[in-house]
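Written below as C-alpha cells is the structure these notes are about.
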Amino acid sequence: MKKVIVAAAALSLCAVLVGAQESPTVGTSSAGAFTLSVMPGVSFPLAYWNAGLPPGFYNLTLSAAVDAEYRFGFLPLLFAKAGVAYRRAPLSAGPVLSLIEASAGVGAQFDLTPKISLKPYVAGGYHYGILAMGTDTATGGAWMARLGVNAQFDFFAPVGIVAGAAAVMDGGAFLGIQASVGASYSFGAPVAARTPVEKPEKTKPEKVKPEKLAPAEAPKIETKPTQAAGGLTLTTSFDSVFPVFHTWYDRNPLGTLTLKNGGKDSISGITVSFYMKQYMDAAVSSAVPDRLEPGKELAVPLKALFTPAILGIDTGTKSLAEITIDYKVGNDQKQAKLNASVSLEGRNGMNWIDDRRAAAFVTQKDQPIIVWARNVWSAVQGEGSKVIDENLRKAMAIHEAVRLYKMVYSKDPQTPYTGSEQKRAAVDFLQFPRETLLYKAGDCDDLSILYCALLESLGVETAFITVPGHIYAAIALAATPAQARAQYKHPGDLILTEDKAWVPVEITKLGAADDFVEAWSTGATEWSDAQSKKAAALIPVRDAQTEYAAVNLPKDSNPLPVVPGSADLLSKYKDVTIKFLDGEMSEKLAELNKKVKDTNSDPKALNALGVFYSKYGRYPEAKAQFKKATEKSSKYISPFLNLGMIALMENDLNTSLAYYESAQKIDGRNSLALLGIARVNHEMENYGAVRTAIAELKKVDQALATEFAYLELKGDESQRAAEISGAKEVAKWAEDK
C-alpha cells in the first residue's frame with residue numbers, strides 16, 4: 001500500500017511538471033505557472049498521536065521539503081502541489097525517529113501586492129517511519145496530512161523567498177506545528193517584474209515635495225526577430241507605457257508586431273492578441289489583414305485594456321507581455337507565442353510629445369480637490385461685487401486661497417517641456433493635484449494642473465496656455481466674447497476665441513504682492529509676447545480630456561488638505577475684487593467726475609456718475625450721486641428710478657416702492673416705474689398691484705413686460721420661471737441717451 005501512495009505522489013509531481021510545459025493558448029485561456037521550492041524547517045511537537053504522551057516525548061524536530069506547484073491559468077487563484085519531505089524527530093529517551101513523507105494537495109494564491117502573496121493549502125499522502133533502537137530497527141507507515149499557509153515574496157523574480165507555517169499530522173507517529181523558510185524558482189509563464197502598491201504613510205501637509213530626477217528619454221524596446229513555423233518572422237517594438245493614460249491604450253497602440261512571411265506559401269486566417277498578466281483581465285485582439293503573401297510583411301498595432309491596478313506603479317519598471325499569433329499555412333493551423341518585455345513608467349510619468357496629455361492629470365473629480373475648492377468658494381460666495389463675472393470671481397477666490405495656502409513655485413531647470421523633439425519625448429514627472437496640495441510646492445505644470453482641477457471642480461472651464469519653455473492656465477468667462485469685449489476696460493488682456501472669452505492667469509505668481517490682478521496682467525503679457533511670434537497655444541482642458549481622460553486615482557490615507565482660514569481668505573478676496581473694479585473704473589470714473597465738475601453738478605451728470613457706480617456694485621457711492629440729483633431737480637425722473645432699483649437689489653422693499661411711486665407721479669406712463677412697482681409688489685406678494693402695473697406696462701412697452709413674464713405667475717411656478725429666464729437678477733438702470 002505504501003508503495004502505491006508514494007508512486008501516486010510521484011506521478012502528481014510529474015503531472016505538475018508536464019502541465020508547466022503545456023500551457024494553454026492566450027485568447028482562450030491564460031498560461032499556467034510552475035514553481036519549485038526547497039524549504040528547510042523546524043517542527044514543534046504537540047503530543048504523541050496514539051499514546052497521548054506529553055510534548056516532551058519528542059525533542060525539537062528538524063525537517064526539509066521539496067515542493068512543486070502548478071498554478072492554473074484558467075483558474076488563477078488555484079494551484080496543485082506535490083512534494084516529498086524528510087523529518088528527523090529525536091525522542092527524549094534517546095532513539096531517533098525518521099519520517100519520509102510523500103504528499104499531494106491543492107491551494108489558493110491571494111496576491112496582496114504584485115510581489116507578495118499568501119498561499120493557504122491542504123495536502124495529504126503517506127509517511128514511512130524508521131525508528132532505530134540500538135541493534136533493532138522498527139519500520140512502518142500510515143497516512144499523513146498537512147494544513148498550512150505560505151507567504152511568497154517575488155522581489156527577485158523568478159527567484160522567490162518562501163516562509164510558511166503548517167499543522168503536521170503523521171498518523172500514529174507525530175503531531176506538531178512546523179515553521180519553515182526557503183527559496184523558490186518559477187518556470188513556465190514568466191513572472192513579470194512587479195511594483196508593489198504600498199499604502200502611503202500619513203504625511204503632514206507641510207511635507208516638502210521631493211526633488212524631481214533628471215528626465216530620462218523614454219526607451220523604445222525592440223526585440224530580435226523570432227522565427228515561427230511556416231517561415232513566419234516575428235518582431236516587436238514597444239514605446240514606454242504611461243499608466244496615467246491607461247484608458248488611452250484601448251484605442252491607441254502601445255507597440256507594434258511586425259509579421260514577415262519568409263516562406264513559400266501564403267499565410268491566412270491571422271489573429272493577434274496581446275496580454276499582460278499583472279495589469280490586464282483578458283487578452284486584447286488586434287485587427288489584422290486576412291492574408292500575408294510570401295515575401296511580404298505587415299505591421300500590427302498592439303492595444304491593451306489595462307485595469308486600474310496599473311496606477312499602483314510608482315516608479316519605472318518592466319513587465320513581460322505575451323503575444324499570441326494564430327494563423328494558417330496552407331491548410332495547416334499554426335500558433336506562435338512571443339514573450340516581450342515592456343517598459344512601464346511610474347503613474348506620474350509623461351512626455352510632452354502632445355501638450356494635451358497634461359489634461360489627464362487634471363483630476364477635477366478627485367475628492368480632496370472637490371472638498372478643497374468648494375470650501376474655498378463657500379467661504380466667499382455672496383461676498384464682494386456680483387457685477388464681476390461669476391467665473392472670474394471663482395478664479396479670484398481660488399488664486400487667493402492657493403496664495404494664502406503658502407504654495408511655493410519651484411522651477412524645474414531639467415524639465416523636458418521645452419527643447420528639441422527628442423527632449424520633449426523624454427519622461428517628465430508631473431504631480432497630481434492632490435499631491436501638489438500635499439507638498440505645497442510645484443513647478444509650472446504642477447501648479448497649472450492644480451489650478452485647472454480646482455476650478456473645473458467648481459464648473460469653470462479652464463485651459464492650458466503654452467508659450468516657449470512654459471505652461472500656465474486660463475479660465476473661461478461666463479460672458480460671451482462680444483459681451484466681454486464691450487464690458488472690460490482692456491479687452492486686449494483677454495483671449496477671445498469664436499465662442500469663449502478667456503482670462504490668462506500666470507498661476508506661478510504667488511508672492512505676497514502677486515494677487516490675482518497681477519497674475520492676470522502677467523499672463524496677458526506673456527500671451528501677447530508669444531502670440532506676436534506665433535508661438536502661443538490655448539488648449540481647453542475639456543477638449544483635451546476627450547482624448548486623454550482624467551485619471552481616477554485610488555483613495556489614499558493622507559488627510560484632506562486644510563483650506564486657509566475664512567476670515568483671511570474673505571479679506572484677500574474682497575481686496576482683490578475692489579482692486580480689480582478700481583482698475584476697470586478709473587479712467588471712466590475720472591471722465592464722469594470731470595463732467596460733474598464742469599457742469600456744476602448738473603442732475604444728468606450726477607445721474608450718469610451714479611449709474612456707473614451702480615453697474616460695478618458700488619451702491620453707497622451711487623446712492624450719494626442719485627440723491628444729489630434729486631435735490632437739484634425734483635422733476636428729473638431718472639435718479640428716483642435708480643434709487644428704487646438699488647433699494648430693490650438690497651431687498652429694502654418699502655424704500656424701493658416709495659422711490660418707484662415718486663417716479664410714477666412724475667411720469668405715470670414711464671415703463672421702468674411701472675416695472676419697478678410690479679417687481680416690488682411681486683416680492684411682497686401683492687399680486688393685485690402686480691396685475692395692475694403689468695397691464696399698464698404692456699400698453700407702453702410690451703417687450704419689457706415679456707422679458708419679465710414671471711411676474712404674472714405666483715409661488716413656485718413664478719420662482720422656476722424667474723430662475724430659467726434669469727430676469728429676477730437683472731438690474732434696469734435709467735440712463736439718459
Restricting attention to region 497-525, report how many residues are farther than 22 Å from D568 by Cβ and part of a loop (DSSP other than H, G, I, E, B).
5
Kindly evaluate Y121 against the criterion of being in contact with a helix residue (DSSP H, G or I) (Cβ under 8 Å, 6 or more places away or on another chain) and either modelled with pLDDT of 70 or more or among the β-branched types (V, I, T) (or both).
no
Out of the residues in region 624-638 that are surrounded by 20 or more Cβ atoms within 10 Å (Cβ to Cβ) and hydrophobic (A, V, I, L, M, F, W, C), which is farthest from Y660 (Cα to Cα)?
A629
Show the residue pairs that are 6+ apart or on different chains and have beta-carbon atoms under 8 Å apart, the first residue being within region 372-389 and surrounded by 17 or more Cβ atoms within 10 Å (Cβ to Cβ), the second being part of a loop (DSSP other than H, G, I, E, B) and hydroxyl-bearing (S, T, Y).
A373/S457
Subset of region 498-525 (residues that are aromatic (F, W, Y) and touching a residue at least 40 places away in the same chain (Cβ under 8 Å))
F516
Being touching a residue at least 24 places away in the same chain (Cβ under 8 Å) and either small (G, A, S) or not assigned by TED's automatic domain parsing to the domain that holds L97 (or both) is the filter here, so list the residues in region 135-159 that pass it.
G140, G141, A142, A145, G148, A151, A157
Among the residues listed as T317, T324, T307, the single one being crowded, with 16+ Cβ neighbours inside 10 Å, hydroxyl-bearing (S, T, Y), in the same structural domain as G230 (by TED's automatic domain parsing) and farther than 30 Å from K264 by Cβ:
T317
Can you tell me which residue is modelled with the lowest pLDDT among those in region 701-729 that are over 45 Å from the mean Cα position of the chain (by Cα) and loosely packed, with under 15 Cβ neighbours inside 10 Å?
K714
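The values are calculated or read from the model by the stated rules, or taken from the named source; none is laboratory data. As the structure is a computational prediction, the values presented were derived from the model and not from experiment. So basically every Cβ, Gly included, is an ideal-geometry build from the backbone, and we count neighbours across all protein chains shown.
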